[in-house]
Structures are given as C-alpha cells and as structure tokens.
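A short write-up of the structure that comes next.
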Amino acid sequence: MVILFRKYFFRFLIISISILFLVGCDQTTKKVAQSELKNKDKTEIAGIINLQYIENDGGMLSLGNKLPQEIKFIVFILLVSVFLIILFFYILKNQREMFLKQSALVLILSGGLGNLVDRVFNNGNVIDFIRIRLPLIESGIFNIADFYVTLGFVMILLSMILKPKTLIPEKTDSI
C-alpha cells in the first residue's frame with residue numbers, strides 16, 4: 001500500500017507541476033498581452049504573426065458567443081471543469097499510455113485549465129492575442145492555451161499512428 005501511494009504521489013507531483021508550469025506560462029502571456037496590447041493597434045511581426053488583444057466570450061473561433069450567459073456558464077465553465085477533472089484522474093491513473101500520449105493529454109488539460117482560469121476571473125471571457133497569416137492560410141485569433149490544446153491533439157494523432165501494432169496469432173486448422 002505504501003509503495004502504491006508513493007508511486008501515485010510521485011506521478012501526481014510530476015503531472016501537477018507540469019500543468020502548473022504550462023498554465024503559468026499561458027497566464028503570463030495573457031497578462032503581458034493585456035498590459036501591452038489592450039487598446040492599441042495590432043502589432044505585426046515579420047509579416048506572419050499579428051498580435052492583437054481581444055476578449056472572446058465564446059469557444060474556439062468564437063463559437064457559442066451568441067448563447068445566453070446561463071448556457072455559456074454551463075458549457076464553458078461547469079462542463080469544462082468536469083471534463084478537466086476527469087481528464088486529470090485519467091492521466092494520473094493510466095500509466096501504461098505511451099509517453100507521447102500522456103504528454104499530449106497534459107497539454108490538453110493545461111490548455112483547458114488556462115482558458116478556464118480566464119473565464120472564471122475575467123467575467124466569462126478568454127484573452128486571445130495571436131493570429132498567424134501565411135500566404136494561403138490565416139488562423140483565427142488564439143492564445144497559448146489554445147496552442148497547447150491543438151498541439152496535444154496533433155500529438156494524440158501521432159501516438160495513434162506510432163502505436164505498436166499487436167500481432168494476432170493466425171488460426172491453424174487441425175486435420
């Protein structure tokens with residue numbers, strides 16, 4: 001029992017520190033964006049990255065921003081909180097997952113938590129400030145937490161592709 005506690009405690013500690021570090025980085029960039037970009041014209045870097053402060057009261061790409069406040073609270077705060085709690089315990093319990101998938105899930109959890117912190121302490125809004133413009137591609141405005149979630153999903157797809165295939169023994173016919 002003590003060995004099991006130690007094993008989970010160490011895992012809990014590593015995962016928690018990782019999440020706190022990632023959420024801290026996200027929140028720091030949002031505070032810098034708020035102090036340096038709010039009420040200012042957008043800033044362009046190398047013709048590719050545009051920095052512009054906005055507060056998004058919807059989901060990704062402002063989906064759901066026309067919903068009533070009560071529904072937004074249920075969807076963006078309550079349901080997301082429940083999902084993140086379940087995801088945290090899943091990550092903690094499932095040690096047999098590939099490291100790539102575990103890391104991806106920590107990124108997704110951290111991104112979700114970073115945006116949830118914004119919603120709770122910023123009147124239901126999330127601070128977004130980055131837009132990427134390439135010759136044929138333009139992103140919506142996003143933040144570091146959104147980047148974590150996107151990177152996490154890409155890593156999950158990679159982990160599914162790289163997952164070792166299990167060989168199924170062939171049936172032999174006996175005569």
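Read the figures in this text as sums done on the coordinates, not as results from a lab. It should be emphasised that the depicted structure is a prediction, and the values quoted were computed from it without experimental measurement. Cβ sites come from the backbone with ideal geometry, for glycine too, and all protein chains shown count toward neighbours.
Length gained on full extension, residue 55 to residue 34: 6.6 nm, using 0.36 nm per residue less the C-alpha separation.
GNM remark for the chain: springs join alpha carbons under 10 Å apart, and the peak mean-square fluctuation among 46, 33, 104 falls on 46.
Peptides 73-83, 126-136 ranked from most to least packed, by the mean per-residue count of other Cβ atoms within 10 Å: 126-136, 73-83.
Under the membrane-span-like helix rule (DSSP H runs whose alpha carbons stretch at least 27 Å along the helix axis, mean Kyte-Doolittle hydropathy -0.5 or higher), the chain yields 2-37, 99-121. Within the listed set 22, 100, 116, the Gaussian network model of the chain (springs between alpha-carbon atoms below 10 Å) gives the highest mean-square fluctuation for 100. Since only 59, 27, 13 are under comparison, the one whose Cα sits farthest along the positive direction of the charge dipole of the chain, derived from C-beta charges on Lys, Arg, Asp and Glu, is 13. Distances between placed amide hydrogens fall under 5 Å for residue 57 paired with 126, all partners being 5 or more residues away or on another chain. The lysine pair tally for the range 2-161, using Cα distances under 26 Å and a gap of 8 or more places or different chains, is 16.
Multiply the residue separation of residue 134 and residue 147 by 0.36 nm, subtract the distance between their alpha-carbon atoms, and state the gained length in nm to one decimal.
Extra length from residue 134 to residue 147 when fully extended: 3.0 nm.
When the chain is described by a simple charge dipole with +1 on each Lys and Arg Cβ and -1 on each Asp and Glu Cβ, the residue from 110, 76, 120 located farthest towards its positive end is 110.
Mean silhouette area of the chain, derived from the convex hull of its C-alpha atoms and averaged over all directions, reads 17.1 nm². For the chain, set up a Gaussian network in which alpha carbons nearer than 10 Å are linked by springs, and say which option among 102, 69, 34 fluctuates the most. Among 102, 69, 34, the largest GNM mean-square fluctuation belongs to 69.
Multiplying the residue separation of residue 163 and residue 81 by 0.36 nm and removing their Cα-Cα distance gives an extension gain of 26.6 nm.
In order along the range 39-53, the phi-based Karplus estimate (6.51 cos²θ - 1.76 cosθ + 1.60, θ = phi - 60°) of 3J(HN,Hα) comes to 6, 10, 5, 5, 10, 10, 10, 6, x, 10, 9, 10, 10, 8, 7 Hz; Gly and Pro are listed as x.
For the chain, the mean residue ellipticity at 222 nm estimated from helices alone is -19000 deg cm²/dmol, where every DSSP H run of n ≥ 4 contributes -39500 (n - 2.57) and the total is divided by all residues, rounded to the nearest 500.
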